[in-house]
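Student: Have a look at the structure that comes next, please.
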There are 2 protein chains.
Amino acid sequence: MSDCIFCKIASGEIPVDKLIDDEDVVAFRDLNPQAPEHILIIPRQHLERLAHADESHSDLIGKLILAANKLAKKLKLDESGYRLVINNGESAGQSVWHLHLHLLGGRDFNWPPG
Amino acid sequence: MSDCIFCKIASGEIPVDKLIDDEDVVAFRDLNPQAPEHILIIPRQHLERLAHADESHSDLIGKLILAANKLAKKLKLDESGYRLVINNGESAGQSVWHLHLHLLGGRDFNWPPG
């Protein structure tokens with residue numbers, strides 16, 4: 001865990017501007033944004049990937065998604081639209097091994113989603 | 001609500017093969033698949049879009065995501081990878097106005113996600 005960059009961001013060891021910083025959830029802007037707004041929302045708890053989440057994490061997952069909703073509203077993305085993406089595993093494009101939710105907005109999105 | 005195609009699928013009025021059909025969640029294959037496996041996971045409850053979900057839906061949202069996890073495991077997508085996508089609003093590509101989660105797997109995915 002000590003090598004996890006998202007754990008270091010959550011703990012403040014790596015300082016970043018946080019859009020959410022509460023007991024369970026931390027949110028900050030993606031360093032390689034793929035849209036005018038591109039925010040990563042993570043649980044403070046280290047979970048390597050979504051596939052490791054079970055019934056015991058149901059509440060936490062609900063909080064992550066609702067945090068995305070609140071941010072979208074705050075950033076006025078809810079009027080036009082926003083896309084949420086979770087990549088699980090290498091073939092899906094997961095590159096940081098701490099569960100994270102992508103919130104993207106501010107432009108039109110294409111289909112398929114990557 | 002009577003005109004909602006996903007409500008009709010959930011109720012059985014429109015028959016489709018269901019991969020999940022429980023008290024809260026229904027899952028079935030997308031008619032226009034964008035990957036070898038492309039499944040839609042919906043709440044039985046009619047919610048027009050994710051932005052309409054609030055704290056009272058936290059548990060339901062947790063169930064939707066965990067249902068995706070279980071399906072991914074069943075379909076052996078968890079070994080390679082899978083991508084979850086929720087489109088909220090027209091600019092994000094939402095085309096059916098009943099909250100749904102896309103589970104995509106069986107191929108490599110590109111970035112950006114659409």
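Student: Among the residues of the range B:94-104, write down those that are farther than 15 Å from A:Gly89 by Cβ and more than 8 Å from every other protein chain (Cβ to nearest Cβ). Let's see the steps before the verdict.
Tutor: To start, the set of residues in the range B:94-104 that are farther than 15 Å from A:Gly89 by Cβ comprises B:94-102.
If the condition is that a residue be farther than 15 Å from A:Gly89 by Cβ and more than 8 Å from every other protein chain (Cβ to nearest Cβ), then B:Ser95, B:Val96, B:Trp97, B:His98, B:Leu99, B:His100, B:Leu101 are the ones that fit.
Student: Here's something else I'd like to know. For B:Asp108, state whether it is farther than 18 Å from A:His100 by Cα, within 7 Å of chain A (Cβ to nearest Cβ), open to solvent by 40 Å² or more (accessible area, probe 1.4 Å) and assigned to a loop (DSSP other than H, G, I, E, B).
Tutor: yes
Student: When you scan the range B:34-50, do you find a residue that is touching a Lys or Arg at 6+ places or on another chain (Cβ under 7 Å), facing chain A (nearest Cβ under 9 Å) and not charged (D, E, K, R), even just one? Can you show your working first?
Tutor: Of the residues in the range B:34-50, the ones touching a Lys or Arg at 6+ places or on another chain (Cβ under 7 Å) are B:35-36, B:38-39.
Among the residues that remain, those that are also facing chain A (nearest Cβ under 9 Å) are: B:35, B:38.
If we keep only those that are not charged (D, E, K, R) as well, we get B:35, B:38.
Taking every residue of the range B:34-50 in turn, at least one turns out to be touching a Lys or Arg at 6+ places or on another chain (Cβ under 7 Å), facing chain A (nearest Cβ under 9 Å) and not charged (D, E, K, R).
Student: A further question on this structure: Which of the following residues is crowded, with 20+ Cβ neighbours inside 10 Å and not β-branched (Val, Ile, Thr): A:His52, A:His46, A:His98?
Tutor: Among A:His52, A:His46, A:His98, only A:His98 is crowded, with 20+ Cβ neighbours inside 10 Å and not β-branched (Val, Ile, Thr).
Student: Find all pairs meeting these conditions: Cβ atoms under 6 angstrom apart; at least six residues apart or on different chains; first residue within the range A:3-14 and farther than 12 Å from A:Leu99 by Cα; second residue assigned to a loop (DSSP other than H, G, I, E, B).
Tutor: Partner pairs satisfying both residue conditions: A:Lys8/A:Ile14; A:Ile9/A:Val16; A:Ala10/A:Arg44.
Student: Find the residue count for the range A:61-93, including only residues that are more than 7 Å from chain B (Cβ to nearest Cβ), surrounded by 21 or more Cβ atoms within 10 Å (Cβ to Cβ) and in a loop (DSSP other than H, G, I, E, B).
Tutor: 1
Student: Somewhere in the range B:24-35, is a residue at pLDDT 95 or above, touching a Gly at 6+ places or on another chain (Cβ under 8 Å) and in a helix (DSSP H, G or I)?
Tutor: no
Student: If I ask for residues that are among the charged types (D, E, K, R), open to solvent by less than 50 Å² (accessible area, probe 1.4 Å) and in contact with a helix residue (DSSP H, G or I) (Cβ under 9 Å, 6 or more places away or on another chain), which ones from the range B:1-34 would you list?
Tutor: Within the range B:1-34, B:Asp24 is the sole residue that qualifies.
The values are calculated or read from the model by the stated rules, or taken from the named source; none is laboratory data. Being a predicted model, the structure only gives us computed values, none of them experimental. Glycine gets a Cβ as well: all are built from the backbone with ideal geometry, and neighbour counts include every protein chain shown. Areas reflect the complete protein model, heavy atoms only, side chains present, ligands, DNA and RNA absent. Shrake-Rupley method; radii C 1.70, N 1.55, O 1.52, S 1.80 Å.
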